[in-house]
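All of the numbers you see were taken from the coordinates with simple rules; none came from a lab. Just so it is clear, the structure is predicted and the values come from calculations on it, not from any experiment. So basically every Cβ, Gly included, is an ideal-geometry build from the backbone, and we count neighbours across all protein chains shown.
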Amino acid sequence: MDAQLLELLNAKIAGCTACRLHEGRTQTVPGNGDPNAELMFIGEAPGQNEDQQGLPFVGRAGQLLDELLGEIGFARSDVFVANVLKCRPPGNRDPQPDEIGCCEVYLREQIEGIRPKLIVLLGRFATQYFLPNAKMGEARGQPYQAGPWLILPVYHPAAALRNSNLMSTMREDFSIIPPLLARAERPEVSRPQIGHQHAHSDEDDDSQRSLL
């Protein structure tokens, strides 16, 4: 993605008043990293630290993400990190469907502009954006093809901070990333092909089934 186009998109996000979340934000958190990254991470929504700094994953969950990236040979600057929501929900509550709908256009532009080889989905909300009926315990660690996008659901780093038993699971899932990238190719995309309106049931769409 051209860096100038990314700046323009960030500016558009900064001025967004499409949903109620703009009323309580300190600043928007569009995402950051390499605009031409082969590897993209999508989380749920900004928290308090992110809302204050305008950057994604800068708190304890972000520190764990950096640690997990380092263990597989990546730095934060090598990847692009974003969230489904670009503004912090009050009290870090769950995102609401209408809020996700308002932010969808921005996430879609980011994904289609960057065209990553692999999208790692951090947690339930990012995973269900692509796979609406997915259960994290079943979907995690399984690569899927969702339209043109190769996706890998994993637990959110915050979940591993709350439950240390998930730490080894996260390391196991992150170890899948390098070999997936090695055989993946950048998709060619001509129009939006992600989000709830593009999802089909597992019964009639093989493209959303596990590749394992």
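Would you please report the Å³ per residue occupied by the convex hull of the alpha carbon atoms in the stretch 49-191?
Values: hull volume 16.8 nm³, N = 143.
Roughly 118 Å³ of hull volume per residue.
Return, in residue-number order, each cysteine of the chain whose C-beta is not under 4.7 Å from any other cysteine's C-beta.
Cysteines of the chain left without a disulfide-compatible partner: C16, C87, C103.
Based on DSSP H runs of at least 4 residues, each adding -39500 (n - 2.57), what is the mean residue ellipticity at 222 nm of the chain after dividing by all its residues, to the nearest 500 deg cm²/dmol?
-10500 deg cm²/dmol
Just to be sure I follow the definition: excluding the sites themselves, where is the longest run in the chain that has none of the GluC sites (Glu not before Pro) in a DSSP loop with at most 11 other Cβ atoms within 10 Å?
No qualifying site falls inside 1-184, the longest such stretch.
With charges set only on the Cβ (+1 for Lys and Arg, -1 for Asp and Glu), what does the dipole of the chain come to about its Cα centre, in debye to the nearest 20?
About 380 debye.
Binning at 5 Å from 0, report for the stretch 1-46 what percent of all alpha-carbon pair distances ends up in each bin.
It works out to 5, 17, 26, 24, 17, 9, 2, in whole percents.
What area, in nm² and to one decimal, does the C-alpha convex hull of the stretch 30-94 cast on average over all directions?
That works out to 4.2 nm², a quarter of the Cα hull's surface.
Counting other Cβ atoms within 10 Å, which trypsin sites (Lys or Arg not before Pro) in the stretch 102-196 have at most 16 and lie in a DSSP loop?
K135
Can you figure out the FRET efficiency of I72 with Q96, using R₀ = 41 Å and their beta-carbon distance, to the nearest 0.05?
It comes out at approximately 0.75.
Mark the label point 7 Å from the Cα of S175 along Cα→Cβ and return the residues of the stretch 72-91 whose backbone N is within less than 14 Å of it.
Residues passing the 14 Å test: 72-73.
Looking at the chain only, what percent of DSSP beta bridges run antiparallel? Nearest 5 please.
35
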